[in-house]
Structures are given as structure tokens and as C-alpha cells.
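One structure is given below, encoded as C-alpha cells.
The values are calculated or read from the model by the stated rules, or taken from the named source; none is laboratory data. Here the structure is a predicted model, which means the values were calculated and not measured. Here the Cβ positions follow ideal geometry from the backbone for every residue, glycine too, while neighbour counts run over all protein chains shown. Ligands, DNA and RNA are excluded from the accessible area calculation, which covers all protein heavy atoms including side chains. Shrake-Rupley method; radii C 1.70, N 1.55, O 1.52, S 1.80 Å.
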Amino acid sequence: MQREVLIIGGGIIGLAIAIELKSQGAAVTILCRDFAEGATHAAAGMLAPQAEELPPSPMLDFCLESRARYPDWIHKLESLTGMNAGYWACGILAPRYQVSAHDQWLDRASLLAHQADLGEEVVGGYWFPHDAQVDNRALAKVLWIAAKELGVEIQTGINVERFAFDTNINYLETNQGTWKADHYVLATGAWAQELLPISVFPRKGQMLAVQVPDPARLPLQHVLFGDAYIVPRQNGRIIIGATSENVGFQRGNTAIGIHTLLTNAMRLYPPIQNFALQEIWSGFRPATPDELPILGESPYANLTLATGHYRNGILLAPITGSTIAQFVLTQKSDPRLEAFHYSRFS
């Protein structure tokens with residue numbers, strides 16, 4: 001049986017594209033190897049183009065537009081599913097240990113007016129009121145349910161082993177036979193190079209979570225972004241991340257990784273030391289040599305690329321979903337995708 005569009009990868013990017021395609025009348029199937037394996041579940045959910053200090057560039061513009069789309073995008077998903085994705089326009093504080101001459105600089109007293117109990121070494125920092133967060137694990141579930149509600153076909157436990165191609169992709173070989181479609185979308189994140197020789201590789205991130213004793217009295221009301229980032233959830237869970245390691249697909253947590261995160265987090269916000277350790281985990285970001293995604297055209301007319309989002313997959317999901325869906329449907333490339341063309345690494 002031939003499908004209209006086959007999306008390889010069931011993470012946030014694949015789901016966002018599928019939902020947009022289906023909303024515009026396309027027949028869509030997602031092939032997903034392991035829903036819980038990808039970067040979506042391992043992230044912290046920061047929507048932080050300004051806190052990340054992205055320089056003026058097409059990437060910054062792309063990220064700012066996607067952040068601006070988030071409230072409406074989340075509202076549509078939550079209305080469709082009746083579920084909560086944990087979007088919180090909490091703003092992000094970026095404390096620093098050295099004084100800066102930047103015109104947005106806040107002194108220590110101004111920073112403490114936003115958030116009490118910062119570490120003694122903090123001398124000031126920056127306030128990014130438009131940056132936000134979303135509960136990435138909750139969002140993944142909402143997207144999964146939204147896709148099913150709309151009628152997207154989701155096939156799980158399917159490992160795509162190779163593309164069969166000549167001038168175009170003819171079919172996919174998988175652990176459960178062959179699959180054929182009119183058009184294919186590669187959205188397998190850090191695993192993209194297993195199917196296509198493109199410049200995407202895994203960058204491991206270790207993370208942990210602590211839990212405050214009384215969620216009704218959450219002491220942190222903003223994300224803190226320094227040597228570590230500290231992301232408070234409204235249910236009292238606090239996410240701390242993340243290491244950045246070029247170790248291939250080496251799974252698991254290390255003592256030094258968790259030690260480094262806790263040391264940096266307690267220096268930034270000392271009350272962390274009193275909260276109960278709840279969970280540790282790791283994941284693999286889909287990195288590229290210039291840390292920008294690979295979006296749009298591929299070497300094959302019937303294959304579209306949507307991978308390599310590195311630290312910005314959650315942030316870029318709304319705009320990636322819409323621009324890639326439009327490209328698949330019209331075969332006209334959005335000018336905003338030119339900066340993310342695969343050929344820049346040729």
C-alpha cells in the first residue's frame with residue numbers, strides 16, 4: 001500500500017509536521033522507532049532565543065518567530081486534546097558572575113527583585129521577559145494525541161533500515177517490510193545519518209530533576225540560565241541541565257556529569273541543595289557543525305529534510321511544522337529555509 005506522505009521519526013518535529021500536513025488535507029503516516037528515545041523527552045523545554053544569546057541572523061529571526069507562535073500553537077493543541085502542555089511565559093533570568101557593559105545589564109539588586117536567593121557570587125545579569133518554557137514531556141504527549149485525533153496514522157516499533165533509491169526514493173526497507181510513499185520526510189533527529197550522509201551527529205546531554213517540598217509555594221518563578229540552567233515547573237519539579245558531550249550514542253549518566261550540574265546549579269541558586277533529588281537521565285541532541293538545523297530540500301525531489309535542530313527543537317517546532325508542511329505540499333521553498341539548506345556542508 002502506498003501512502004501520500006511518510007514521516008520518518010515520531011519526535012516533536014515529526015509530529016508537528018504531521019499535524020500541519022493533516023490539517024491541510026494530506027494523508028500522513030509516521031514511522032516511529034521508539035517514542036521515548038529522542039531528544040524531545042530529554043529536553044528542558046526552554047523557549048530561549050534571547051537567553052541563548054543567538055547573534056543577529058536568519059536563525060535568530062526564525063527562532064523569534066517560532067517563539068511568537070507558541071501561545072496560539074499551544075492553545076490549538078490543548079483545545080483539540082483537552083490536555084495541558086505546560087506552557088509558561090515565565091521569562092528567563094541570566095545571572096552572571098562578572099560585570100558586563102551590555103546595555104541590558106541589571107545589577108544584583110535589580111536581579112534579586114526578580115528572584116530572591118541567588119548565589120552570593122552573582123553580581124548581576126540579564127532579564128528576558130519574552131522567553132518562556134513548555135513542559136516538553138507533556139507537549140510530546142499532547143502532540144501524539146493531537147495527531148491521532150486528526151487521523152494521522154502512527155506506526156510504532158518500526159526501524160527504517162535504509163532508503164532504496166535511484167534518482168528518487170523508491171521505498172523504505174524496515175524491520176517490518178517495505179514502505180512506499182509519494183513523499184518522505186526525514187525527521188529522525190540525532191539518528192539522521194544512519195539513513196543519509198548528512199552532517200548530523202549526536203551530542204549527549206545529561207540532566208536531573210529535583211522536587212520542592214510544597215509545590216504551592218514554588219520558590220522559583222523564572223528560568224535561571226547560567227553555567228547550568230534551572231527550569232522550574234509549576235508542579236514543583238525543577239529541571240537542571242545540561243552537559244554537552246561528544247561521545248556518540250553512549251547512554252546513561254556519569255558521576256562527573258551529575259556532579260558538575262549540581263555544583264553549577266547550587267552556585268547559581270543555593271536552595272537547590274535542600275530539594276529532594278527526583279530523577280536523572282540523558283539524551284542525544286541532533287547537532288550539526290554550525291549548530292543550525294537542516295531543513296527543506298534534499299538530494300532527492302521526493303525527500304524533505306527536517307533534522308539537526310540541536311538545542312532548539314522544542315522552540316522551533318511550530319515554525320518547522322508549518323514551513324516544512326508548506327514545502328511538502330507546494331514544493332516551493334520558503335526563503336526562510338535558505339539558511340538551513342543541506343548543501344552548506346557539501
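Output the residue which, of all residues in segment 312-336 that are at negative phi and not in a helix (DSSP H, G or I), is surrounded by the fewest Cβ atoms within 10 Å (Cβ to Cβ). Top of the filtered list is 332.
Kindly provide the set of residues from segment 76-108 that are in a loop (DSSP other than H, G, I, E, B), farther than 23 Å from residue 321 by Cβ and in contact (Cβ under 8 Å) with a residue 24 or more places away in the chain, ordered by number. Steps first, answer last, please.
Taking segment 76-108 as the starting set, the residues that turn out to be in a loop (DSSP other than H, G, I, E, B) are 82-87, 89-91, 97-105.
Then drop every residue that is not farther than 23 Å from residue 321 by Cβ, which leaves 90-91, 97-105.
Answer for segment 76-108, where residues must be in a loop (DSSP other than H, G, I, E, B), farther than 23 Å from residue 321 by Cβ and in contact (Cβ under 8 Å) with a residue 24 or more places away in the chain: 90, 91, 97, 98, 99, 100, 102.
Kindly indicate the residue of segment 49-64 that is open to solvent by less than 60 Å² (accessible area, probe 1.4 Å) and of a type outside the set (A, V, I, L, M) and also farthest from residue 4 (Cα to Cα) among those meeting that condition. The residue in question is 52.
Of the strands (runs of 3 or more DSSP E) contained entirely in segment 171-279, those carrying at least 2 residues that are touching a residue at least 12 places away in the same chain (Cβ under 8 Å) and surrounded by fewer than 22 Cβ atoms within 10 Å (Cβ to Cβ) fall at 177-186, 201-211. Check segment 284-305 and report whether any residue there is acidic (Asp, Glu), out of contact with any strand residue (DSSP E or B) (no Cβ under 6 Å at 6 or more places or on another chain), open to solvent by 10 Å² or more (accessible area, probe 1.4 Å) and on the phi > 0 side of the Ramachandran plot. Scanning segment 284-305 turns up at least one residue that is acidic (Asp, Glu), out of contact with any strand residue (DSSP E or B) (no Cβ under 6 Å at 6 or more places or on another chain), open to solvent by 10 Å² or more (accessible area, probe 1.4 Å) and on the phi > 0 side of the Ramachandran plot. Looking at segment 27-48, which of the residues that are crowded, with 24+ Cβ neighbours inside 10 Å and in contact with a Lys or Arg (Cβ under 7 Å, 6 or more places away or on another chain) is modelled with the lowest pLDDT? The residue in question is 39. For segment 145-164, the criterion of being on the phi > 0 side of the Ramachandran plot and touching a residue at least 40 places away in the same chain (Cβ under 8 Å) is satisfied by at least one residue. Residue 120 meets each of the listed conditions (1) open to solvent by less than 50 Å² (accessible area, probe 1.4 Å); (2) assigned to a loop (DSSP other than H, G, I, E, B) apart from (1).
Screening residue 14 with (1) outside any helix (DSSP H, G or I); (2) under 16 Å from the mean Cα position of the chain (by Cα); (3) over 24 Å from residue 243 (Cα atoms) gives one miss only, at (1).
All of (1) under 19 Å from the mean Cα position of the chain (by Cα); (2) open to solvent by less than 70 Å² (accessible area, probe 1.4 Å) hold for residue 141 with one exception: (2).
Being touching a Phe, Trp or Tyr at 6+ places or on another chain (Cβ under 8 Å), under 28 Å from residue 218 (Cα atoms) and not hydroxyl-bearing (Ser, Thr, Tyr) narrows it down to one residue among 130, 114; which is it? Lay out the reasoning, then the answer.
On the way: 130 fails: touching a Phe, Trp or Tyr at 6+ places or on another chain (Cβ under 8 Å).
Checking each option against the conditions leaves just 114.
Scanning segment 12-26 for residues that are open to solvent by 30 Å² or more (accessible area, probe 1.4 Å) and either touching a residue at least 60 places away in the same chain (Cβ under 8 Å) or of a type in the set (Val, Ile, Thr) (or both) yields 20, 22, 23, 24. Out of all the residues in segment 143-160, is one or more more than 28 Å from residue 24 (Cα to Cα) and in contact with a helix residue (DSSP H, G or I) (Cβ under 8 Å, 6 or more places away or on another chain)? Checked against the condition, which is being more than 28 Å from residue 24 (Cα to Cα) and in contact with a helix residue (DSSP H, G or I) (Cβ under 8 Å, 6 or more places away or on another chain), segment 143-160 yields no hits at all. Being among the charged types (D, E, K, R) and under 28 Å from residue 84 (Cα atoms) holds for only one residue in 131, 103, and it is 131. Listed conditions (1) open to solvent by 60 Å² or more (accessible area, probe 1.4 Å); (2) of a type outside the set (Gly, Ala, Ser); (3) over 16 Å from the mean Cα position of the chain (by Cα) are all met by residue 78, apart from (1).
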